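A.B. asks: What follows is a structure written as structure tokens; I'll ask about it next.
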Amino acid sequence: MSEQPPFFVSQCSSHSSPASLDRNGKFNIAVWNIYKQKKLNWQPVLTDLTQNNDLVLLQEAKLNLTFQQYLEENKFHVVMAKGFRLMNVPMGVMNVSTQAANEACAYQTTEPLIRFAKSTLVSRYPLSTEDQLLVINLHGINFDVRLTSFEAQFKQILSKVTAHRGPVILAGEFNTWHDGRLDIVKQLAQGLRLEEAQYKVDFRKRVLGLPLDHLYYRGLRLVSA
């Protein structure tokens with residue numbers, strides 16, 4: 001798996017990474033929809049996140065020249081699962097980390113109405129315990145009245161999580177703005193024995209009163225959120 005541009009993962013790629021993601025058994029993680037870097041302050045916000053976290057999971061990352069240069073200059077370990085290209089610029093989910101992933105697999109699910117694809121990135125990171133941390137970065141299908149594509153997107157990861165024997169994180173913007181959507185996610189998490197992070201102060205964006213972003217975990221102890 002290349003650490004140089006264009007950072008893409010196609011299906012599954014592997015790479016030997018001897019360095020562990022955690023520091024003395026602890027690590028920090030952030031989840032952020034970067035909204036194609038449309039906000040003027042995206043760069044200082046991302047810099048703050050990467051300075052204070054070992055792993056940053058981005059959704060709606062737009063790999064234009066400016067963003068590519070930013071990633072190169074800061075020498076991050078980056079993997080990206082492309083959902084689609086717009087004007088030949090890749091869009092998708094991206095992991096930015098202090099240490100490289102051992103393995104990364106990319107998946108795409110097409111939006112039924114607008115026909116653009118949403119992407120999912122499944123990666124493994126080495127830990128100091130000699131375990132592998134399985135990380136799923138997912139941007140949920142948004143325009144799906146029957147929820148068949150939405151549910152199928154989550155079911156793509158079932159075999160990976162079921163077969164994994166170490167710690168697991170499932171996080172991203174799931175677009176759970178409807179009870180039916182949230183029920184699908186909760187049922188999947190329950191079946192996989194994943195616990196949702198609970199926040200002392202909840203700043204997550206909400207639509208119709210429901211949060212869009214989530215972080216579920218297994219085999220880890222949550223210190224704070």
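The values are calculated or read from the model by the stated rules, or taken from the named source; none is laboratory data. Keep in mind that what you see is a predicted model, and the values were worked out from it rather than measured. Don't worry about glycine lacking a Cβ; one is built from the backbone with ideal geometry, like all the others, and counts go over all protein chains shown. Ligands, DNA and RNA are excluded from the accessible area calculation, which covers all protein heavy atoms including side chains. Shrake-Rupley method; radii C 1.70, N 1.55, O 1.52, S 1.80 Å.
A.B. asks: Going residue by residue through segment 43-65, is there one that turns out to be of a type outside the set (Val, Ile, Thr), farther than 17 Å from ASN142 by Cβ, in a loop (DSSP other than H, G, I, E, B) and open to solvent by 50 Å² or more (accessible area, probe 1.4 Å)?
C.D. replies: No: segment 43-65 contains no residue that is of a type outside the set (Val, Ile, Thr), farther than 17 Å from ASN142 by Cβ, in a loop (DSSP other than H, G, I, E, B) and open to solvent by 50 Å² or more (accessible area, probe 1.4 Å).
A.B. asks: Is it true that some residue in segment 96-114 is open to solvent by 10 Å² or more (accessible area, probe 1.4 Å) and without any contact (Cβ under 8 Å) to a residue 12 or more places away in the chain?
C.D. replies: Scanning segment 96-114, I find no residue that is open to solvent by 10 Å² or more (accessible area, probe 1.4 Å) and without any contact (Cβ under 8 Å) to a residue 12 or more places away in the chain, so the answer is no.
A.B. asks: Residue check, LEU215 against (1) in contact (Cβ under 8 Å) with a residue 60 or more places away in the chain; (2) under 14 Å from the mean Cα position of the chain (by Cα); (3) part of a loop (DSSP other than H, G, I, E, B), all met but one. Which one?
C.D. replies: It is condition (3) that LEU215 fails.
A.B. asks: Next up: Quick one: in segment 115-133, which of the residues that are in contact (Cβ under 8 Å) with a residue 24 or more places away in the chain and over 28 Å from GLN69 (Cα atoms) is surrounded by the fewest Cβ atoms within 10 Å (Cβ to Cβ)?
C.D. replies: The selected residue is THR129.
A.B. asks: Could you list, in sequence order, the residues of segment 134-169 that are open to solvent by less than 10 Å² (accessible area, probe 1.4 Å), in a strand (DSSP E or B) and either on the phi > 0 side of the Ramachandran plot or of a type outside the set (Val, Ile, Thr) (or both)?
C.D. replies: Across segment 134-169, the qualifying residues are LEU134, ASN137, LEU138.
A.B. asks: Within segment 170-219, can you find the residues that are open to solvent by less than 10 Å² (accessible area, probe 1.4 Å) and of a type in the set (Val, Ile, Thr)?
C.D. replies: Scanning segment 170-219 gives THR176, VAL185.
A.B. asks: Answer with yes or no whether GLN190 is assigned to a helix (DSSP H, G or I) and over 23 Å from CYS105 (Cα atoms).
C.D. replies: yes
A.B. asks: Exactly one condition in (1) at pLDDT 95 or above; (2) under 19 Å from the mean Cα position of the chain (by Cα) is not met by LYS205; state its number.
C.D. replies: That leaves (1) as the condition not met.
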